[in-house]
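The values are calculated or read from the model by the stated rules, or taken from the named source; none is laboratory data. What you are looking at is a predicted structure, and each value in this text was computed from that prediction instead of being measured. With ideal geometry, Cβ positions are generated from the backbone for all residues, glycine too; neighbour counts draw on all protein chains shown. Keep in mind that these areas ignore ligands, DNA and RNA; they rest on the heavy atoms of the full protein, side chains included. Shrake-Rupley method; radii C 1.70, N 1.55, O 1.52, S 1.80 Å.
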Amino acid sequence: MGVVSPAIGAPVDRIEGGDKVRGEATYAYEYEVERVAYAAILQSTIARGTVRSIDAADALALPGVIAMLTHENAPKLQTDDGELSILQSPAVAYRGQIAGAVIADSEEAARDAARLVRFTYEEEKHDVELRYDHPGLYKPDKINANFDTDSTAGDFDAAFGSADVTVDETYTTPAFHNNPIEPHATIAVWEGGDLTLYDSNQGAYAVQQTVAGAFGMQPERVRVISRHVGGAFGSKGTPRPHLILAVMAAQLVERPVKLAVTRQQMFSLTGYRTPTIQRLRLGAGADGRLTAIAHEVVEQCSTVKEFAEQTAVATRMMYAAANRRTTHRVVRLDVPTPAWMRAPGECPGMYALESAMDELAIACKLDPIELRVRNEPDVDPETGQRFSSRNLVACLREGAERFGWNAREAGRDGRWLIGAGVASSTYPARLTPSTAHARAESDGTFTIRITASDIGTGARTALTQIAADTLDVPLERVHVEIGDSDFGQAMLAGGSIGTASWGSAVVKACRALRAGQDEATVDTSDDVNSYEPLAKHAFGAQFVEVNVNVDTGEIRVPRALGVFACGRIVNPKTARSQFIGGMTMGISMALLEESVIDPRFGDFVNHDLASYHVASCADVREIEAIWIDEEDPHLNPMGTKGIGEIGIVGTAAAVANAVHHATGIRIRDLPIRPDKLLSRLPSGGS
Ligand code: MOS
């Protein structure tokens, strides 16, 4: 049954790479559309209250301005999604919420006019601050990805109370914002009752379904084209409110409308990772064997939509311990709704767990790798299921060898303190149904169509390799077309599920051709359900060296190594980019990124890349990702686990652990800024 020929595993260049560097790859905003008009977004300037009046006279008097769209003239939507349900009333639920649009003949005129519109409000008191003891905290029915909100096994309190060694610490992470290079953009084109969207997203099918629902249309009347997407990280995983606005605007002016979200607007309109407050309690014997694990999480969502991140879920399966508890509590604040950001749940959750494991290793006087090895479970501690494959220990050992872990010593070189840290990484391996279409052309080539999304990952290239191998033909004879909702239902590019899900459908369609069909449309719904229900997860180990300046508190990361066990690697070149991209984002999370809320105005104060710092090349020195060979027949026809997100998981903990190793200072609230270290560093020493 296996896929045989040699394309899978080859470091194939991105198929559209040449188009991208030549500027010939067309992104959403770049499509040329006749009679197009431009919309500029109007945003609320209060965090809670009601719009009382709108003075648009000056804006409408500007040359080129066509119309204003506000709650006073917006069409009624048919969605119960409180975040997408824009302009349905004068109510304001967060600062920066969409309050309308100005539509004009040029982008410049639209933006200029938008600055002239004056709103007056009936302002109410707002609350935007997440606190551990917030009276509004509640237990959601479920957390994201449909996990149980809480979990419990054994008697945590008794086991923790009688443990030889304990750790009881609270870790916090701030809000983080996704900053893909291409901000969100869309062009909405109505023709008769049909709607075409050129849109930047992670899944054209999901956009089609959501927009059709909101406007009460048959999905077939909505076509979404998204051939190239300049990054997303989760922020384009579900349609954002600006998309609804663009569709409404095009309806209003009876012309196609282009709408680009500005970088500044992204900080209130395209989601963010919820801040978290996480209490970790670990109880162990003197030998480091865990007897008790508790992970209790507090996080936020908005008043318009529940979003309950699955922060403690990875803790349920990482380490063996008979007595366990995890909880999630959420408070609704007057803030934008949090959303997806690379490894939602695992990323902030594993920062806390893997920091606590480091603290436990020190308390037990054990090497941090040895501590993890001693707590390796035989089966998933939560479900009792066997693992389809679990190579965490192999990753830790391989990494230790390559990194020179056993020789690590906290040291000093002039004004710089030197240390190294390690942390585990994990991400679930899932599979969802998709459809695909394959056709044998008369010239000997093959055309594959699937509503996949390549958000910069190399998905198009990987699918071409998978198709070529299944068909047993050279890559050049395979043309994979993606990013068009006309190609049918498919998984979106999220949850590191894309390649597994789309690849399964591509394999099935190509096998039908090999069986003699000229053309085949397939659906993997039945196949997805036929796999054995095992615990399926990718694992990894993150190793980081840091240098900390004793005078300034500056932290540098001269060296980072990630070792991953992610099943079969389809394309080592693009996979490596995913891993080191994730690791870079993890270093960025550890040291730089932080969305700062101003409680007076109820908004994030940093709204651009000058004030929201993202790691750049200069922040990343030697960074490498490798993987171990892992054969796992329980996953999908390719034997792949997702690779898009695991790179970020555990990186921040490895950095924090390294900072502690170098300085003896434990920072439990990210990011680890120089000012948090400075007063505690041994400066003035020689
Ligand atoms: Mo990714 S945050 O699962 O889109």
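Some points to look at:
- Just one residue in the set SER453, SER525 is within 16 Å of the ligand (Cβ to nearest atom), within 30 Å of MET317 (Cβ to Cβ) and of a type in the set (Ser, Thr, Tyr); that residue is SER453.
- Selection within the range 639-672 - of a type in the set (A, V, I, L, M, F, W, C) and part of a loop (DSSP other than H, G, I, E, B): ILE643, VAL649, ILE665, ILE667, LEU670, ILE672
- Those residues of the range 414-442 which are among the aliphatic types (A, V, I, L, M) and assigned to a loop (DSSP other than H, G, I, E, B), in sequence order: ALA429, LEU431
- From the list GLY213, GLY234, the lone residue that is over 26 Å from THR70 (Cα atoms) and in contact (Cβ under 8 Å) with a residue 12 or more places away in the chain is GLY234.
- In the range 491-512, the residues that are crowded, with 24+ Cβ neighbours inside 10 Å, within 14 Å of the ligand (Cβ to nearest atom) and of a type in the set (A, V, I, L, M, F, W, C): MET491, LEU492, ALA493, ALA500
- Here ARG449 fulfils each of the conditions (1) out of contact with any Pro (no Cβ under 9 Å at 6 or more places or on another chain); (2) touching a residue at least 40 places away in the same chain (Cβ under 8 Å) apart from (2).
- Only one of the listed residues (PRO256, PRO241) is in contact with a Lys or Arg (Cβ under 8 Å, 6 or more places away or on another chain) and more than 16 Å from the ligand (Cβ to nearest atom). That residue is PRO256.
- Among the residues listed as VAL304, VAL379, the single one being in a loop (DSSP other than H, G, I, E, B), farther than 30 Å from ASP164 by Cβ and in the same structural domain as THR651 (by TED's automatic domain parsing): VAL304
- Complete set of residues in the range 132-146 that are in contact (Cβ under 8 Å) with a residue 60 or more places away in the chain, over 13 Å from GLU296 (Cβ atoms) and surrounded by fewer than 18 Cβ atoms within 10 Å (Cβ to Cβ): GLY136, TYR138, PRO140, LYS142, ALA145
- Scanning the range 176-200 for residues that are β-branched (Val, Ile, Thr) and open to solvent by less than 10 Å² (accessible area, probe 1.4 Å), we see that the one that is farthest from MET589 (Cα to Cα) is ILE187.
Table: residues versus (1) at pLDDT below 95; (2) among the hydrophobic types (A, V, I, L, M, F, W, C); (3) closer than 30 Å to GLY458 by Cα.
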site	(1), (2), (3)
LYS20	no, no, yes
ARG35	no, no, no
THR45	no, no, no
ARG48	no, no, no
PRO75	no, no, no
LEU87	no, yes, no
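- Candidate set from the range 15-61 (those that are acidic (Asp, Glu) and surrounded by 11 or more Cβ atoms within 10 Å (Cβ to Cβ)); member that is nearest to ALA246 (Cα to Cα): GLU30
Rundown of residues vs (1) over 30 Å from TYR94 (Cβ atoms); (2) in a loop (DSSP other than H, G, I, E, B); (3) under 19 Å from the mean Cα position of the chain (by Cα), yes/no style:
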site	(1), (2), (3)
THR311	no, yes, yes
ARG316	yes, no, no
HIS328	no, no, no
CYS347	no, no, yes
SER355	yes, no, no
ALA361	yes, no, no
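- Extreme residue, farthest from the ligand (Cβ to nearest atom), among residues of the range 226-236 that are at negative phi and open to solvent by 10 Å² or more (accessible area, probe 1.4 Å): ARG227
- Looking only at the range 196-210, and only at residues there that are touching a residue at least 24 places away in the same chain (Cβ under 8 Å) and assigned to a helix (DSSP H, G or I), the one that is nearest to the ligand (Cβ to nearest atom): ALA206
- Which listed residue, of ARG372, ARG390, is among the charged types (D, E, K, R) and without any contact (Cβ under 8 Å) to a residue 60 or more places away in the chain: ARG372
- Complete set of residues in the range 222-241 that are within 16 Å of GLN78 (Cα to Cα) and either over 22 Å from the mean Cα position of the chain (by Cα) or not in a loop (DSSP other than H, G, I, E, B) (or both): VAL222, PRO241
- Qualifying positions in the range 382-400 - among the polar types (S, T, N, Q) and either in contact with an Asp or Glu (Cβ under 8 Å, 6 or more places away or on another chain) or assigned to a helix (DSSP H, G or I) (or both): SER388, SER389, ASN391
- Within the range 414-431, residues that are within 19 Å of ALA493 (Cα to Cα) reach partners that are open to solvent by less than 10 Å² (accessible area, probe 1.4 Å) and in a strand (DSSP E or B) with beta carbons closer than 6 Å, at six or more positions or on different chains, in the pairs THR426/PHE539; TYR427/ALA538; ALA429/ALA538.
Rundown of residues vs (1) open to solvent by less than 50 Å² (accessible area, probe 1.4 Å); (2) within 16 Å of the ligand (Cβ to nearest atom), yes/no style:
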| residue | (1), (2) |
| --- | --- |
| ARG568 | no, no |
| GLN578 | yes, yes |
| GLY586 | yes, yes |
| LEU592 | no, no |
| LEU609 | no, no |
| SER616 | no, no |
| ASN636 | yes, no |
| GLY644 | yes, yes |
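- ILE466 being within 16 Å of the ligand (Cβ to nearest atom), closer than 18 Å to CYS566 by Cβ and modelled with pLDDT of 95 or more: no
- Evaluation of ALA343 against (1) on the phi < 0 side of the Ramachandran plot; (2) surrounded by 24 or more Cβ atoms within 10 Å (Cβ to Cβ); (3) in contact (Cβ under 8 Å) with a residue 60 or more places away in the chain (one fails), failing number: (1)
- Enumeration of residues in the range 523-541 that are closer than 21 Å to ALA462 by Cα and surrounded by fewer than 21 Cβ atoms within 10 Å (Cβ to Cβ): ASP523, ASP527, VAL528
- On inspection, GLU129 does not qualify as in contact with a Ser or Thr (Cβ under 8 Å, 6 or more places away or on another chain), more than 30 Å from GLU34 (Cα to Cα) and open to solvent by 60 Å² or more (accessible area, probe 1.4 Å).
- Verdict on GLN278 being touching a residue at least 60 places away in the same chain (Cβ under 8 Å), touching a helix residue (DSSP H, G or I) at 6+ places or on another chain (Cβ under 8 Å) and not in a loop (DSSP other than H, G, I, E, B): yes
- Filtered residues of the range 450-477 (kept if acidic (Asp, Glu) and open to solvent by less than 10 Å² (accessible area, probe 1.4 Å)): ASP454, ASP469
- Residues satisfying the stated conditions in the range 282-304, i.e. surrounded by fewer than 23 Cβ atoms within 10 Å (Cβ to Cβ) and closer than 30 Å to GLU129 by Cβ: GLU296, CYS301, SER302, THR303, VAL304
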